[in-house]
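*Asks:* Let me begin by handing over the structure; questions about it come next.
The values are calculated or read from the model by the stated rules, or taken from the named source; none is laboratory data. Keep in mind the model is a prediction, meaning the values are calculated, not measured. Here the Cβ positions follow ideal geometry from the backbone for every residue, glycine too, while neighbour counts run over all protein chains shown. Please note that ligands, DNA and RNA were not included when accessible areas were found on the heavy atoms of the full protein model with its side chains. Shrake-Rupley method; radii C 1.70, N 1.55, O 1.52, S 1.80 Å.
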Amino acid sequence: MRIVNIVGARPNFIKIAPIMAAWKNHPGVEATLVHTGQHYDEKMSDLFFRQLGIPKPDINLEIGSGSHAVQTAGIMTVFERTLQENPADAVLVVGDVNSTIACGIVAVKMGVKLVHVEAGLRSFDRAMPEEINRVLTDSISDLLFCTERSGVENLLREGIGGDRVHLVGNVMIDTLLRNRARAAETNVLGELGLAEDGYGVVTLHRPSNVDSLDRLRGIFSALNTIAAELPLVFPIHPRTRKNAEAAGLLAELGDRIRIVEPVGYLEFLRLVDCARVILSDSGGIQEECTVLKTPCLTLRENTERPSTVEAGANRLVGSDPDAILAAFADVMKSDPADIATPPLWDGRAAERIAAKTLEMFG
Ligand code: UD1
Ligand code: UDP
């Protein structure tokens, strides 16, 4: 079986690492890796390949940044050529970014089987670009792997079921469990002058938060209040830095909020593992917090990952400053030991994905 695996953006690298490793256990599989180039900064891309031992991509489409149409269409044009020149039996996409849907459409229109890892997640918020990518990718996929029960239920409701859909666990957690001990060997806490359980971590990059200056200003004011009690470290996403710098907002963050460049996977894992609380609008970080038993305040109105809320790790807080402060006060009284781990988040999702894909299309 020849299978082309697609990555483009930061969370994709973390998800593909165990999948590329799993293919190696199947001698009958010829697995190649295509990087669309959606993310390209050293700290948003190459660093993850090095730290996680992901094979060098066979091809980089070098698409770079652009509007949704420019980026998606650009990936489609170049990937179509790539797939014509390198025929495959299946294309595997992960997550919900523009690279996911762009390569998915190309694959199915060329009659190539499409495998979607992390299928079925729904925020039910169509203003989120990722929700459009999720719904469309799932609707054209031949084989759909879900991380949690809600994913299977959402797909069934949309008429997608049967032997196409499999609950297999979470490849992001495969990577976490494989690297937790290595992360503990980094000196990121020492370098940033942080003590275990004595700080919080912030990440922000959702357009709904960071493309609206009013909303971003409100979040920053809440962060300043929180930082008076608990120092914060804020590895800032390039989208957020660009917007905040252009509006002169970064200067509004006080000196107990340490702004740093995006950090490597191992350093970030260590930061989350040892933090008292995370404030974030990320998708994947909600899941990592759940397994690490670090409380997560999600600065969004909804989540496509309800199992993290049910596990007691994650609270939906929105972006209103008063709501953020109230949730922070509440979470500081909670006991993280009570957080549960969702079923099958056991480090073996990629193995299950490889075996089932081979059984179906090998
Ligand atoms: C993308 C994904 C989002 C995912 C996030 C993970 C889509 C629609 N969005 O959002 O789902 O949660 O990645 O981080 O696919 N930039 C750089 N250097 C880079 C990459 C981006 O400077 O290496 C800047 C550019 O100004 C770019 C902006 O960030 O325009 C946004 O990048 P883009 O990939 O379009 O979206 P993200 O916000 O990163
Ligand atoms: N991450 C990282 N360094 C950082 C911030 C995040 O390695 O500075 C990792 C994090 O551990 C998680 C992934 O990036 O595995 C999440 O990516 P992001 O929040 O960009 O995207 P989302 O999950 O929201 O799509």
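*Asks:* Tell me which residues, restricted to the stretch 197-212, are open to solvent by less than 60 Å² (accessible area, probe 1.4 Å), assigned to a loop (DSSP other than H, G, I, E, B) and within 16 Å of ligand 2 (Cβ to nearest atom).
*Replies:* The answer is 199, 204, 205, 206.
*Asks:* Could you please find all residues in the stretch 289-323 being away from ligand 2 (no atom under 12 Å from the Cβ), assigned to a helix (DSSP H, G or I) and open to solvent by 10 Å² or more (accessible area, probe 1.4 Å)?
*Replies:* Passing the criteria: 306, 307, 309, 310, 321, 322, 323.
*Asks:* Name the strands (runs of 3 or more DSSP E) wholly inside the stretch 213-288 in which the number of residues that are touching a His at 6+ places or on another chain (Cβ under 7 Å), surrounded by fewer than 21 Cβ atoms within 10 Å (Cβ to Cβ) and acidic (Asp, Glu) is 3 or more.
*Replies:* none
*Asks:* In the stretch 268-284, how many are of a type outside the set (S, T, N, Q) and within 15 Å of ligand 1 (Cβ to nearest atom)?
*Replies:* Number of matching residues: 4.
*Asks:* Residues in the stretch 109-143 that are touching a helix residue (DSSP H, G or I) at 6+ places or on another chain (Cβ under 6 Å) and surrounded by fewer than 16 Cβ atoms within 10 Å (Cβ to Cβ): how many?
*Replies:* 4
Residues checked against (1) under 21 Å from the mean Cα position of the chain (by Cα); (2) of a type in the set (Val, Ile, Thr):
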| site | (1), (2) |
| --- | --- |
| 206 | yes, no |
| 220 | no, no |
| 257 | no, yes |
| 271 | yes, no |
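*Asks:* Here's something else I'd like to know. Taking residue 54 as meeting all but one of (1) under 21 Å from residue 96 (Cβ atoms); (2) more than 13 Å from ligand 1 (Cβ to nearest atom); (3) in contact with a Ser or Thr (Cβ under 7 Å, 6 or more places away or on another chain), write down the number of the exception.
*Replies:* Every listed condition holds for residue 54 apart from (3).
*Asks:* Can you pull out the residues in the stretch 61-74 that are within 21 Å of residue 4 (Cβ to Cβ) and open to solvent by less than 70 Å² (accessible area, probe 1.4 Å)?
*Replies:* 61, 63, 64, 71, 72, 73, 74
*Asks:* Could we say that residue 158 is open to solvent by less than 20 Å² (accessible area, probe 1.4 Å) and under 21 Å from residue 306 (Cβ atoms) here?
*Replies:* So residue 158 does not fit the description; no.
*Asks:* I've got another one for you. Within the bounds of the stretch 320-332, is there any residue that is within 18 Å of the chain's Cα centre (by Cα) and at pLDDT 95 or above?
*Replies:* no
*Asks:* Just to verify a result, which residue in the stretch 18-51, among those that are within 16 Å of ligand 1 (Cβ to nearest atom) and small (Gly, Ala, Ser), is nearest to residue 7 (Cα to Cα)?
*Replies:* Only one residue tops the list, namely 37.
*Asks:* Test residue 6 against the criterion of being open to solvent by less than 20 Å² (accessible area, probe 1.4 Å), assigned to a strand (DSSP E or B) and within 14 Å of ligand 1 (Cβ to nearest atom), and give yes or no.
*Replies:* Against the criterion (open to solvent by less than 20 Å² (accessible area, probe 1.4 Å), assigned to a strand (DSSP E or B) and within 14 Å of ligand 1 (Cβ to nearest atom)), residue 6 qualifies.
*Asks:* What are the pairs with Cβ atoms under 7 angstrom where one residue, in the stretch 44-61, is free of Cβ contacts under 8 Å to residues at least 40 places away in the same chain and the other, located anywhere, is buried (at least 19 other Cβ atoms within 10 Å of the Cβ) and part of a loop (DSSP other than H, G, I, E, B)? Sequence gap at least six, or different chains.
*Replies:* Within 7 Å, the pairs are 45/39; 60/37; 61/36; 61/37.
Each row is one residue, and each column tells you yes or no for (1) under 21 Å from the mean Cα position of the chain (by Cα); (2) at pLDDT 95 or above; (3) of a type in the set (A, V, I, L, M, F, W, C); (4) within 16 Å of ligand 2 (Cβ to nearest atom).
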| position | (1), (2), (3), (4) |
| --- | --- |
| 11 | yes, yes, no, yes |
| 32 | no, yes, no, no |
| 36 | yes, yes, no, yes |
| 43 | yes, yes, no, yes |
| 51 | yes, yes, no, yes |
| 63 | yes, yes, yes, no |
| 71 | yes, yes, no, yes |
| 76 | no, yes, yes, no |
| 82 | no, yes, no, no |
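*Asks:* Out of (1) touching a residue at least 60 places away in the same chain (Cβ under 8 Å); (2) of a type outside the set (D, E, K, R); (3) within 16 Å of ligand 2 (Cβ to nearest atom), what's the single condition that is false for residue 132?
*Replies:* (1)
*Asks:* Out of all the residues in the stretch 75-84, which are in contact (Cβ under 8 Å) with a residue 24 or more places away in the chain and either within 13 Å of ligand 1 (Cβ to nearest atom) or open to solvent by 40 Å² or more (accessible area, probe 1.4 Å) (or both)?
*Replies:* 75, 76, 80, 84
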